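Chemist: Structure below; questions to follow.
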Amino acid sequence: MKRMGMIFRAKANKALDRAEDPRETLDYSYQKQVELLQKVRRGVADVATSRKRLELQLTQLQGQSSKLEEQGRKALALGREDLAREALTRRAALQQQVSDLETQHQTLQGEEEKLTLASQRLQAKVDAFRTKKETIKATYTAAQAQTRIGEAFSGISEEMGDVGMAIQRAEDKTAQLQARAGAIDELLASGALDDPTGMAKDDITAELDRLSSGSDVELELQRMKAELSGGTAKPAIEGGNQAQQAQPQDRPDFNKR
């Protein structure tokens, strides 16, 4: 089971490593840092709000304390010592609250300063990380493009490999068709294959046909000459020739006119 678990984790790690894009990882890390910075800023704003609320309460209590002191003075001036004592007692209670609020105010003010300093430091780190992130992304993109160009030139990329295979298949098919066409021509020339249309003949066959046709014409011409020389048609032909020779003499000479 341990071995199976190790194999599964190794394969999963390899698959994740293949699917991981460093640029996306950097963007995700930057996003998380920005979210953390926003939380720190919200914390600073909350502390500042609490401090401001304490300051308002302090101002209000100090105003009440001054009012009670003034009332005690007036009561004592009027001979109402009991009212003056009550006013001073209430003023003492308010002073205790004012002291507690001042202590809380100082604590909140210290926390606010710490959070503000932490926010500034985190802001500087986030800005530095953003600059480094963009630099790494640009370098990675340039290296990736350079690698693809090198693979394309060397022919080891998947796309160029597919193109090379397609070219090789086309060349193989072309060579096969050329070889088939040459073989068919040789078979037709040798007579192993018959052309039903009678159009596919080689040069020798065409020459033999031409000589055979010429021999037939010569034989027919010799036969006709033999018939004409041995028959009665020869004088007729001679008479016709004399008539043809006489015809130009009977024609009027238009040049004399």
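The values are calculated or read from the model by the stated rules, or taken from the named source; none is laboratory data. Predicted, not measured: the structure shown is a model, and the values here were computed from it. Neighbour counts run over all protein chains shown; Cβ positions are idealised from the backbone, glycine included. With ligands, DNA and RNA removed, areas are computed over all heavy atoms of the protein, side chains included. Shrake-Rupley method; radii C 1.70, N 1.55, O 1.52, S 1.80 Å.
Chemist: Scan 78, 58 and give me the residue that is in contact with a Leu (Cβ under 8 Å, 6 or more places away or on another chain) and either modelled with pLDDT of 90 or more or not polar (S, T, N, Q) (or both).
Modeler: Exactly one of 78, 58 is in contact with a Leu (Cβ under 8 Å, 6 or more places away or on another chain) and either modelled with pLDDT of 90 or more or not polar (S, T, N, Q) (or both), namely 58.
Each row is one residue, and each column tells you yes or no for (1) closer than 22 Å to residue 47 by Cα; (2) in contact with a strand residue (DSSP E or B) (Cβ under 6 Å, 6 or more places away or on another chain); (3) among the acidic types (Asp, Glu); (4) open to solvent by less than 70 Å² (accessible area, probe 1.4 Å).
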site	(1), (2), (3), (4)
88	no, no, no, no
91	no, no, no, yes
94	no, no, no, yes
101	yes, no, no, yes
104	yes, no, no, no
108	yes, no, no, yes
115	yes, no, no, yes
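Chemist: Could you run through segment 24-38 and say how many residues are among the β-branched types (Val, Ile, Thr) and modelled with pLDDT of 90 or more?
Modeler: Qualifying residue count, segment 24-38: 1.
Chemist: Scan segment 21-53 for residues that are open to solvent by less than 100 Å² (accessible area, probe 1.4 Å), over 30 Å from residue 105 (Cβ atoms) and not aromatic (Phe, Trp, Tyr) and jot them down.
Modeler: 21, 22, 23, 25, 26, 27, 29, 31, 32, 33, 34, 35
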